[in-house]
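To start, the structure itself, in structure tokens.
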Amino acid sequence: MSDLILDIRELHVSVDGKEIIKGINLAIKTGEIHAIMGRNGSGKSTLAHVLMGHPAYEITSGEIFYLGKAIEDYDVFERARAGMFLSFQYPPSIPGVQVGNFLKKSVNNVRDENIKAREFRKELNNAMEKLEMDRSFLSRYVNDGFSGGEKKRLEMLQMMLLKPRLALLDETDSGLDIDALRLVAKGINETAQNIGVLLITHYQRLLDLVKPDFVHAMIDGKFVKSGGPELALELEARGYDWLEA
Amino acid sequence: MSEDANNAVGDYKYGFHDPENATIRFDKGLTEQVVRDISELKNEPEWMTEIRVKAYHHFMDRPMPNWGNCSMLDSIDFDNVTYFLRSSEQTEKNWDDVPDDIKNTFDRLGIPEAEQKWLGGVTAQYESEAVYHSIREDLEEQGVIFLDMDSGLKEYPELVKKYFCTVVPYADNKFSALNTAVWSGGSFIYVPKGVHVEMPVQAYFRINAKNMGQFERTLIIADEGSSIHYVEGCTAPTYSTDSLHSAVVELIAMDGAKIRYSTVQNWSANVYNLVTKRGIAHKNAVVEWVDGNIGSKLTMKYPAVILKGEGAHAEIISVAYAGEGQHQDAGAKVHHLASNTTSNILSKSISKNGGRSSYRGLLKVNPKAHGCRSKVVCDALMLDADSRSDTYPTMEVSNSSADLEHEASVSKISGDQLFYLMSRGFSEEEAMGLIVNGFFEPFTRELPMEYAVELNKLLELEMEGAIG
Ligand SMILES: Nc1ncnc2c1ncn2[C@@H]1O[C@H](COP(=O)(O)OP(=O)(O)OP(=O)(O)O)[C@@H](O)[C@H]1O
Ligand SMILES: [Mg+2]
């Protein structure tokens, strides 16, 4: 078996008839961290949403293979159950649904093995400690009244508990204070050992802590340049203008 | 239970029925003689017969309400209703003495089990009368009276006479008149001064027969500084013809007393549920209605509180779920008669598959009631474009010192929420179930845990097949 987790070939995506992704190729292998940096509106979140199966986006051409299978016909929840995880740039709130209950159900949905209540509690405590989240969050409603940084921590908590094969992290670093950034980075590094990670970010400060294997610069729906970690430093220093033809 | 019955049940899991083994069944239809016969059969005091007959005439003379769902109301066939049906010769204190068919029903509904685990007392009504009744000894020793209404009238006629029809006069509306004329069963509760009934007491109402009319009557008196939590549940078999449930509930909270009355109404979709519920709160007393309406064809119910004594408080939390062919016309009424009285009303409704839910509210503040505060919040959630939700709030405020807040919202399930939950492995139906349960959570959390779990399951079941 190949260790290819994600394989995107010549992908074109439209929303409401407008083309947003204009030909992307990307292969992610087990253990690799790929970072995408790019201008606002260049299509980064769109790519993450399409990978997760958001119904509003139409794949006009190209293919997506996940764990060797074409996944175009997979529904969102089937992708989740197959080990895909998306950390949202803007996580919505679900009033009336308690975090603890939501986490338990999500874990049961997504993870294959049957996790006993005691074991789940242990994992939960452990992960919350790592993220320095107060236990009072468990009885609050999902993302309801959460600060920006709290929402991102909850996304990371979910990633740690759901143990995905492919983690799509859309600006997980935005809104985090300096200490939280360090905790989240630690969480990503631990989880990322044997999985594929696609990290969308605007800032080098996260990439100082989570070392990417590849960096892709995105402009107007395309990767205009790909390289190693040094590309991120260059983008940070020079911006995106120099990449435009 | 027959196979046919099983098949007819569909998604409604309480839709099964037992054979109808009536020991006494009145002919269908309502006449003065029927009313007198019910009273005679029960060996009632003269004054009760008189009030029944007066109520009967008022019912006959009074036109149907000209508001609400008039076409549904007009389709009630009062001549095709059985007004009294006795299925067991007496009210038993021991489940083993209850006739097998009936006992099985309550077993299936989980009542004896719940009683053992967490209830202070149980009354189980089957058709027109209570078939089982019991109260924990320690409550009895403290002087708490918890009886079915018929026994209440026999054993405590003065107490009943003193309060009967004082909160809801028979002429209050057409259906309170009907109930007063033919009432049977229901609960009678008296909590002595200063006694706190810690465990909830429960009444369970079951209609089994076709075209049955159930008219229970409940009267709860909480004496000074006492408290009680009363829970009622109700279900019926699924038939193709309609049944009628028309109850009256009267609550009296004396100075400093607290009554909470919780309902999870889950009638089958062929039941008309037309109920008058009202409480009086005296000085510093609290009356709380926690009212959930899931089933029935048409529900018209507006739990009310009259804040009669200074510092009294009313809390009305209600939810309604209207599915295909259902109309939940629910709401709340509060009348601030005294100064410094406060009220909170929270109403939540969900409409699906063409179902219709209406909120009808009335808030009154008397000219002499100073410093009153009230907050009303109405939230409606629409699951599709065919469904309907309306709000009819009425405010009659004649005192400028009143502090009133009113918020209303109508929302849909957002695509963002669905996508988020589905990305956590919930199917679309499961995601909707979760959002719907979350929407009702402010209500569910007020219920005893066992009820909350049951209600959540019920709603999740309702979401199945929600996706076209
Ligand atoms: N549902 C939609 N309807 C219309 N336009 C959309 C929709 N979704 C995305 N777009 C447009 O597609 C473009 C790409 O959006 P996207 O959110 O992918 O950008 P991004 O690279 O993530 O930006 P940012 O860095 O600001 O997060 C934007 O111009 C956006 O307005
Ligand atoms: Mg984005």
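In a DSSP loop and with at most 11 other Cβ atoms within 10 Å, the trypsin sites (Lys or Arg not before Pro) in the range B:297-370 are B:Lys368. Based on alpha-carbon atoms, the Kirkwood radius and the radius of gyration of the protein assembly as shown give Rg/Rh equal to 1.07. Averaging the Cα positions of each part gives two centres, and for the range B:91-120 and the range B:247-291 these lie 24 Å apart.
Using bins of 5 Å that start at zero, the share of Cα-Cα pairs per bin across the range B:150-284 amounts to 2, 10, 20, 21, 21, 14, 8, 4, 1, 0, in whole %. Of the complete DSSP H runs in chain B, those spanning 20 angstrom or more by Cα along the long axis with a mean Kyte-Doolittle score not below -1.0 are B:46-61, B:428-444, B:449-463.
Checking the Cα-Cα distances for A:Lys44/B:Lys457; A:Lys116/B:Lys412; A:Lys44/A:Lys211; B:Lys174/B:Lys308 against a 30 Å cut-off, the pairs over it are A:Lys44/B:Lys457; A:Lys116/B:Lys412.
Evaluated with a Cβ-only charge set (Lys, Arg +1; Asp, Glu -1), the range A:4-243 carries a dipole of roughly 680 debye about its Cα centre, given to the nearest 20.
For B:Ser347, nonlocal amide neighbours, meaning residues 5 or more places apart or on other chains whose placed amide H falls under 5 Å from its own, are B:Ser318, B:Val377, B:Cys378, B:Asp379.
Extension gain, B:Lys210 to B:Glu46: 0.36 nm times the residue separation minus the Cα-Cα distance gives 55.9 nm.
Accessible-area loss of 30 Å² or more (1.4 Å probe, protein heavy atoms, chain alone versus all protein chains) is found in the range A:102-124 for A:Phe102, A:Lys105, A:Asn109. Residue order by solvent-accessible surface for B:Met463, B:Met199 is B:Met199, B:Met463, largest first, with ligands and nucleic acids left out and a 1.4 Å probe. Going from the isolated chain to the complete set of protein chains, the range B:404-426 loses at least 10 Å² of heavy-atom accessible area (1.4 Å probe) at B:Asp416, B:Gln417, B:Phe419, B:Tyr420, B:Leu421, B:Met422, B:Ser423, B:Arg424, B:Gly425, B:Phe426. Across the range A:13-23, rounded Karplus estimates of 3J(HN,Hα) from the backbone phi angles (6.51 cos²θ - 1.76 cosθ + 1.60, θ = phi - 60°) give 9, 10, 10, 6, x, 9, 6, 10, 9, 10, x Hz, Gly and Pro being marked x.
Calculated translational diffusion coefficient of the range B:311-401 (37 °C, 0.692 mPa s; Stokes-Einstein with Kirkwood radius over alpha-carbon pairs) equals 238 µm²/s. On a per residue basis, the convex hull of the C-alpha atoms belonging to the range A:97-191 measures out at 95 Å³. Using a simple spin-label model with pseudo-atoms 7 Å out from Cα toward Cβ, B:Gln33 and B:Ser71 lie 3.8 nm apart.
The count of lysine pairs in the range B:1-140 that are at least 8 places apart or cross chains, and whose C-alpha atoms lie under 19 Å apart, stands at 6.
The length gained on full extension between B:Arg62 and B:Thr23, counted as 0.36 nm times the residue separation minus their Cα-Cα distance, comes to 10.8 nm. For peptide A:68-81, how many partner chain Cβ atoms fall within 10 Å of a residue's Cβ, on average? For peptide A:68-81, the averaged partner shielding equals 3. If you take the Cα centroid of the range B:411-430 and the Cα centroid of the range B:307-345, the two points sit 32 Å apart.
Close amide H partners of A:Ser174, meaning residues 5 or more places away or on another chain with modelled amide H under 5 Å apart, do not exist here.
Spin-label pair A:Ala27-B:Asp138: with each label point 7 Å from Cα along the Cα-Cβ axis, the two points sit 7.2 nm from one another. Altogether, the Stokes-Einstein calculation at 25 °C and 0.890 mPa s, with the Kirkwood radius of the range B:415-468 over Cα pairs as Rh, returns a diffusion coefficient of 213 µm²/s. Calculated accessible area for the protein assembly as shown comes out at 40 Å² per residue, all protein chains present (probe 1.4 Å; ligands, DNA, RNA ignored). In units of the compact-protein estimate 2.2 N^0.38 Å, the range B:356-467 shows a Cα radius of gyration of 1.38.
Based on the alpha-carbon gyration tensor of the range B:154-217 and its eigenvalue square roots a ≥ b ≥ c, which shape applies: rounded if a/c is under 1.5, prolate if not and a/b is larger than b/c, or oblate? The shape class here is oblate. When accessible surface is computed with a 1.4 Å probe, chains A and B are found to bury approximately 2000 Å² between them, both chains counted.
A straight Cα-to-Cα reach below 17 Å connects A:Lys130 with the lysines A:Lys122, A:Lys151, A:Lys152, A:Lys163, A:Lys186, residues fewer than 8 places away in its own chain not being considered. Helical runs assigned H by DSSP (4 residues or longer) give chain A a calculated mean residue ellipticity at 222 nm of -10500 deg cm²/dmol, each run adding -39500 (n - 2.57) before division by the residue total.
Note on the range B:3-301: semi-axes of the ellipsoid equivalent to its C-alpha gyration tensor, largest first and rounded to whole Å, are 27, 23, 19. Residues whose amide H comes within less than 5 Å of that of B:Ser389, counting only those at least five positions distant or on another chain, are B:Ser357 (H built at 1.01 Å from N in the peptide plane).
Kirkwood-type hydrodynamic radius, chain A: 18.5 Å, calculated from all non-identical alpha-carbon pairs. What ratio of Cα Rg to 2.2 N^0.38 Å holds for the range B:1-132? Taking N as the residue count of the range B:1-132, the ratio is 1.29. Per atom type, chain B shows carbon and sulfur on 46% of its accessible surface, probed at 1.4 Å. In sequence order, the range B:65-78 has phi-based couplings of x, 9, 10, x, 8, 4, 5, 5, 4, 5, 8, 6, 9, 5 Hz under the Karplus curve 6.51 cos²θ - 1.76 cosθ + 1.60, θ = phi - 60°, and Gly or Pro positions carry x.
The values are calculated or read from the model by the stated rules, or taken from the named source; none is laboratory data. Just so it is clear, the structure is predicted and the values come from calculations on it, not from any experiment. Counting neighbours? That spans all protein chains shown, and the Cβs are built from the backbone with ideal geometry, glycine included. Heavy atoms of the whole protein, side chains included, go into the accessibility calculation; ligands, DNA and RNA do not. Shrake-Rupley method; radii C 1.70, N 1.55, O 1.52, S 1.80 Å.
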